[in-house]
Structures are given as structure tokens and as C-alpha cells.
Amino acid sequence: MKFQETENRDNLTLAHLLDIETKSEEHENRNNLTFSRIQQQINDSTELVAMTAHLSTDSSPSGILKFDDVKFSVGINNLTTYKNTGKFVCERKGLYMISSTIMSEANGAHYVMYLNGIKLSDTYIGYSSSPPSTMFHTGTAVLARQLLPNDSVWVQKSSYSVHGGFYSALTIVKVK
């Protein structure tokens, strides 16, 4: 009888130890998962994504402006697609600062920035024509937007002349 009681007590102790070990492993797994999530959030918030591009030539036809002369980029894998289409496709979610500057000599010129086909801004480039002016003028738009992977951002213009080189630029920077 005493032997049976001792064996039962040993079995209960063993079961209790196994239960403690299982709970300890579950707790460790939860902690590891929490740590992994925190590390991913840190990685996401510290990723460097930035680009500054200019128009390689003057542009006359209406449509998407292709800022194909990329002067600086970091953290962007699809630059070739961007240069060919003029559409920046977000690869990493985050808060982005988007800035465009366009130079034109056309009074009343305007351009529009789009996100996934939705108008974000409409920038008007106008000046007084008295006295008559043949000077060039710029219009600038600066926006902050939350972008998700596969969001597309682009700049489109109507039919007026836009000056390339350093005169017209698009800059996109992941802030956070």
C-alpha cells in the first residue's frame, strides 16, 4: 500500500513537473514571438527608403511625367520599372514625404500628383503677364501620406512644356 502511494505521489510530481516545463516552453515561445514582432517594428521604422529624380529632357506631351534621371536612391528595388513608367510603386509600408517641383514657361500650367489614381494635389503655375514675361516659373507640392506595399504615386501634366534637368524634380522619402 505504501509503495502504491509513493508511486502515485511520484507520478503526480512528474506530471506536475511536465506541466511546469510545458508552461515554461509556452511562455518562452510567447516571449520569442513578442520579441520578433518588436524587432520587426524596429526594422520597419528604421528602413531607409528615398529617391530624388529629375526629368532627363524637356517634356511637351500630356501624360505621366517620367522622372527618369534618378540622382539618388536607397532602399528601392524597382527603379527600372519606375524609370520606364513614371510610377513609384511602394515596396515598404510607412509614412512618406512626397515632393514635386515643376518648371514651365506656360502661364496657367498645372500638374497633378496621384496616389492609386486618386488626385492628391493640383498645382497651378501662374504669373502676371503684365509686363509680358517669358520667364520660367515653378510650382511645388509637398505632401505626407501613409503608403502601403503596391501603392502607386505619379505626377501627370496637361499639354504644356515642362523643363527637364534640375528644373523639375520628384523626391519621395520614407519618414517612418
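Specify the residue that is least open to solvent (accessible area, probe 1.4 Å); the eligible residues are those in segment 147-162 that are over 16 Å from residue 121 (Cβ atoms) and of a type in the set (S, T, N, Q). Step by step, filter segment 147-162, then rank; the result is 161. Looking at 80, 52, 101, 57, just one residue is assigned to a helix (DSSP H, G or I) and open to solvent by 30 Å² or more (accessible area, probe 1.4 Å), and that residue is 80.
The values are calculated or read from the model by the stated rules, or taken from the named source; none is laboratory data. Everything quoted here is computed from the prediction, not taken from an experiment. Note that each Cβ is placed from the backbone with ideal geometry, even for glycine, and that neighbours are counted across all protein chains shown. The accessibility values were calculated without ligands, DNA or RNA, using every heavy atom of the protein model including side chains. Shrake-Rupley method; radii C 1.70, N 1.55, O 1.52, S 1.80 Å.
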